[in-house]
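Just below is one structure, and these are the notes that go with it.
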């Protein structure tokens with residue numbers, strides 16, 4: 001009886017140690033998923049996540065046989081009193097051709113603020129075939145009060161773009177850069193959305 | 001008021017306990033009154049506490065649901081503000097999932113697992129006490145957020161970021177803390193259950209001799225160990241996004257709201273199986289008893305349960321078909337989800353085959369178990385419809401989804417819990433539940449449940465979105481039916497309370513083996529089960545078992 005009890009309590013202790021180790025492992029795994037998710041998305045181009053570093057133009061023969069429709073969508077954000085517009089909503093390019101399109105940022109408030117345009121590409125299978133040579137989305141932007149700024153996006157579609165893709169949509173969503181916006185909200189409460 | 005359950009028969013049996021050489025149960029020092037319940041380490045008393053807590057929360061969550069249904073009785077806004085409506089839908093979901101269904105299963109596990117494997121108590125009795133008393137703390141905190149400035153959680157029980165971070169009420173930090181405490185409670189309960197099942201079975205009882213309720217709970221406990229830390233991780237990330245300026249789920253800082261959904265459903269899908277696997281175990285105990293036949297396909301039941309648990313880790317993104325997944329992912333998650341229908345089909349087949357040519361009688365536990373099989377299967381079929389990715393674009397976030405998960409949770413999980421309560425009440429109290437009243441409870445429940453949730457299928461297919469306080473006029477009839485059904489169902493649950501209270505107080509005396517066809521070890525101890533059982537391990541007799 002006593003021997004059985006010791007065997008049993010040793011067994012219980014072993015089970016508890018193992019389950020607690022599994023628990024700690026799973027908690028760490030949840031946090032490890034955050035960088036793993038980013039790596040997975042940027043390797044596969046899933047989720048429309050774009051590499052935010054400039055790429056060099058690759059000089060390759062332009063594929064005159066195909067036209068790809070590239071659409072641009074710009075979205076503002078609560079908390080940033082900016083307007084973002086694009087010179088054309090839609091353009092047609094050949095794979096391999098380098099194209100340029102102007103984006104205009106307008107600060108509607110009277111104070112300086114910082115913002116960032118976060119890019120996304122749809123369909124996500126096109127992501128890895130899109131080379132951005134120059135993009136405002138590579139870094140944060142600063143606008144003085146009432147300033148208007150025009151920045152070009154220069155991009156190229158790779159020739160190996162999958163056959164079934166005829167339309168690519170580039171979406172840019174503006175976000176305030178937080179630490180600086182907070183300072184502004186002290187001076188200019190009216191123009192700042194209530195989400196901060 | 002200290003509940004009377006279970007009666008203290010410890011003194012009569014303490015002599016046999018002493019003969020077994022145990023000294024850790026010191027009866028003379030046992031506290032009286034309320035302290036007895038606060039300090040108890042007895043698995044039966046803790047099991048009762050869990051069940052009473054769960055029943056209380058079932059009514060709290062039920063009242064929240066009735067507030068929602070009252071507002072939806074007619075189109076237009078009449079009773080409550082939309083902000084409060086959102087808090088009610090959210091709190092209804094949170095309370096029902098984390099405070100009603102999960103503690104009810106843990107309560108049944110506490111009561112029945114030691115009795116079914118011939119163990120004197122749970123492996124870690126003090127931890128058991130702690131994991132129960134965390135629950136009232138967690139849910140008092142959660143409910144108190146309703147009274148805070150800005151109100152309680154209003155972002156749905158799935159608390160998608162950034163709705164639950166950037167746009168959430170100020171009380172969200174308390175919501176996170178409450179969920180952390182409830183999560184710790186579940187985790188500690190799971191550790192205890194695993195340690196008990198793996199180490200404390202009666203001599204001679206192999207793993208494949210264990211009753212299915214024990215098996216399904218063992219697998220559920222492993223699921224809890226695997227996914228509750230992920231939930232803890234997600235809400236910790238939310239906490240940091242809200243309070244410490246990180247950007248896990250904030251696109252402005254390089255985070256991603258879709259990541260929240262991946263992490264949440266990586267927890268959330270196994271979580272829905274946590275709420276159904278023990279129900280499978282209960283039904284697998286009841287159907288053979290009242291069909292007076294051994295369970296058909298015991299081993300395949302065990303393997304099917306394990307298969308469902310493993311598959312539950314590979315299907316999470318079927319909740320996210322419309323976030324813009326690539327085609328490959330849509331296909332993968334569609335097929336893996338449909339694959340779950342195979343082991344679930346094995347289970348339903350086994351239950352039906354157990355019934356085939358059985359000598360069936362229709363006592364209340366059996367009625368609830370049979371209703372479970374039929375109505376859970378309906379919920380399973382609507383789940384299959386939702387699993388079809390292209391069709392889900394139409395169904396997503398409509399009342400069709402609401403109908404689906406209420407069919408698997410109400411006549412699924414909750415009917416199984418009620419079946420289990422009716423089945424084991426004679427063992428707990430020594431008396432049979434009042435047959436006529438229990439039958440009446442069953443028939444009212446089954447009418448109420450179908451009247452409430454069946455019309456939701458049609459409202460959803462016609463395009464009515466979830467989580468809205470007002471709706472277009474063409475949905476008015478379906479919603480009125482649902483609301484009538486909901487109030488009828490809610491009122492019939494008062495009969496359940498009445499049956500339980502009457503059964504604790506008295507009734508027809510039950511023998512040790514309360515049901516003619518019942519075979520598991522718990523029926524070898526007297527009814528009501530004395531406070532201490534199996535102090536000397538029972539001799540496990542394999543002849544009436546599954547091989």
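For residue B:536 and residue B:59, the FRET efficiency from 1/(1 + (r/R0)^6), where r spans their Cβ atoms and R0 equals 30 Å, is about 0.15. When you restrict to C-alpha pairs under 8 Å that are six or more residues apart and normalise by the size of chain B, the relative contact order lands at 19 percent.
Projecting the alpha carbon convex hull of region B:109-160 along each direction and taking the average yields 5.5 nm².
Simple spin-label estimate for residue B:443 and residue B:299 gives 4.4 nm between the two label positions (7 Å along the Cα-to-Cβ direction from each Cα). Under the simplified labelling scheme, the residue A:83-residue B:512 pair shows an inter-label distance of 8.6 nm, with each label point 7 Å from Cα along Cα→Cβ. Of all the Cα-Cα pairs you can form in region B:404-450, what percent are over 13 Å apart? Summing the P(r) of region B:404-450 above 13 Å gives 60 percent of all pairs. When the alpha carbon coordinates of region A:1-44 are projected onto the principal axes, the ranges are 60, 14, 6 Å, largest first. With the convex hull drawn over the C-alpha atoms of region B:83-139, the volume per residue is 65 Å³. Ordering B:258, B:342 by the number of other Cβ atoms within 10 Å of each residue's own Cβ, fewest first, gives B:342, B:258.
First check a/c for region A:89-149, with a ≥ b ≥ c the square roots of the eigenvalues of its C-alpha gyration tensor; if it is under 1.5, answer rounded, and if not, answer prolate when a/b is larger than b/c or oblate otherwise. Here region A:89-149 falls in the prolate category. What's the whole-number percent of alpha carbon pairs in region B:79-180 lying beyond 18 angstrom? Here the long-distance tail beyond 18 Å is 53 percent of all Cα pairs in region B:79-180.
If you model the protein assembly as shown as an ellipsoid using its alpha carbon gyration tensor, with each semi-axis the square root of five times an eigenvalue, the axes come out at 54, 27, 26 Å, biggest first. Counting only Cα atoms, the size of region A:48-187 along its three principal axes is 55, 23, 23 Å, in decreasing order.
Look at B:81, B:71 and count the other Cβ atoms within 10 Å of each Cβ; fewest to most, that gives B:81, B:71. Where the centre of each part is set by its Cα atoms, how far does region B:440-487 sit from region B:136-172, in angstrom? If we compute the Cα centre of each part, the gap is 26 Å. Here chain B has an Rg and Dmax of 23.1, 73 Å, counting Cα atoms alone. The relative contact order of region A:48-187, computed from alpha carbon pairs under 8 Å that lie at least 6 residues apart in sequence, is 35 percent. Ranked for footprinting exposure by Cβ neighbours inside 10 Å, fewest first, A:37, B:423 give A:37, B:423.
No value in this document is a laboratory result; all are computed from the given coordinates. For clarity, every value in this text was computed on a predicted model and none was experimentally measured. Here the Cβ is made from the backbone with ideal geometry for all residues, glycine too, and neighbour counts use every protein chain on show.
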